[in-house]
Amino acid sequence: MIRNYTFDEAYKRFEPHDHRCAYCRQAEMENINDCYFLPLIVEDDKTNIVVYKSVEYSKILIGIPRCQSCKEIHYDAKNKAISISMVSAILLLGLLLYNFVNLNTFVFMLGLFTVLFGGIYGSAKLAERYVANKGIYTVQYGAETNEVVRDLVIAGWTFNTSIA
């Protein structure tokens, strides 16, 4: 098992014993539901036959302690960033459609993909900036600094399934 963690059978997750917030490093976690549960994935079985490929994964949830204040900051930053990105994307798409007659097809399609990509990527970067301005770690970075998570990553666990 993982040291300083207990496994909760009902929720299928590892819950931390340490309650010091991993994001601000000052406050204490009051409620287990304030934790950020990071999914970690490892490849169990891989079958490669000439015309058939199969990969099976195992997934665990590791609780990263987070205080109520940091949880609210992460939640608010995500919502603000999504709202601003959506409004910006809608305005820019409206501008593109308004100028559709004056633009050739290539420029219009390039503008369309730029607005969509910028809205998605920009939202993530905006959320990171809001969180950094509050003086705490982002959700992902705070989870990556956890000692247990680092040990599991070294042992072969990963954050996504694109291991192949």
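The values are calculated or read from the model by the stated rules, or taken from the named source; none is laboratory data. Since we're looking at a predicted model, the values are computed, not measured. Positions of Cβ are backbone-derived with ideal geometry, glycine not excepted, and every protein chain shown enters the neighbour counts. These accessible areas exclude ligands, DNA and RNA; they are computed on the full protein's heavy atoms, side chains included. Shrake-Rupley method; radii C 1.70, N 1.55, O 1.52, S 1.80 Å.
Using a probe of 1.4 angstrom and keeping all protein chains present, the accessible surface of segment 21-72 works out to 57 square angstrom per residue. Screening the chain for whole DSSP H helices with an alpha carbon extent of at least 24 angstrom along the helix axis and a mean Kyte-Doolittle hydropathy of at least -0.5 yields 68-98, 105-133. Extension gain, Tyr52 to Ser88: 0.36 nm times the residue separation minus the Cα-Cα distance gives 8.5 nm.
Checking (i) 64, 53, 27; (ii) 48, 35, 25; (iii) 45, 39, 26 against the coordinates, the calculated Cα extents along the principal axes in Å falls under label (i).
Here the 3J(HN,Hα) profile of segment 23-33, calculated from phi with Karplus coefficients 6.51, -1.76 and 1.60 at θ = phi - 60°, is 9, 9, 6, 10, 7, 10, 6, 9, 10, 4, 6 Hz, Gly and Pro shown as x. Close amide H pairs (under 5 Å, H built 1.01 Å from N) link Thr6 with Glu15, His17, residues at least 5 positions away or on another chain. Name the residue from Ser69, Tyr130, Phe7 whose Cα lies farthest towards the positive end of the charge dipole of segment 1-158, charges +1 on Cβ of Lys and Arg and -1 on Cβ of Asp and Glu. With unit charges placed on the Cβ atoms, the residue in question is Tyr130.
Remark: accessible surface ordering of Lys125, Lys59, Lys12 (largest first) is Lys59, Lys12, Lys125, probe radius 1.4 Å. Within segment 1-86, the ratio Rg/Rh, alpha carbon atoms throughout and Rh by Kirkwood, equals 1.15.
Surface composition of segment 23-164: carbon plus sulfur atoms hold 60% of the accessible area, using a 1.4 angstrom probe and ignoring ligands, DNA and RNA. Taking Asn104, Asn133, Asn33 as the candidate residues, the one with maximal mean-square fluctuation in a Gaussian network model of the chain, Cα springs under 10 Å, is Asn104.
Computed over the chain with a Gaussian network model linking Cα atoms closer than 10 Å, the most mobile of Leu40, Leu97, Leu126 is Leu97.
Of the beta bridges in the chain, as assigned by DSSP with both residues counted there, near 95 percent are antiparallel.
The modelled label-to-label distance for the pair Ala10/Ile32, using points 7 Å beyond Cα in the direction of Cβ, is 0.7 nm. Of all lysines in the structure, the ones whose alpha carbon falls short of 17 Å from that of Lys12, not counting any fewer than 8 places away in one chain, are Lys59.
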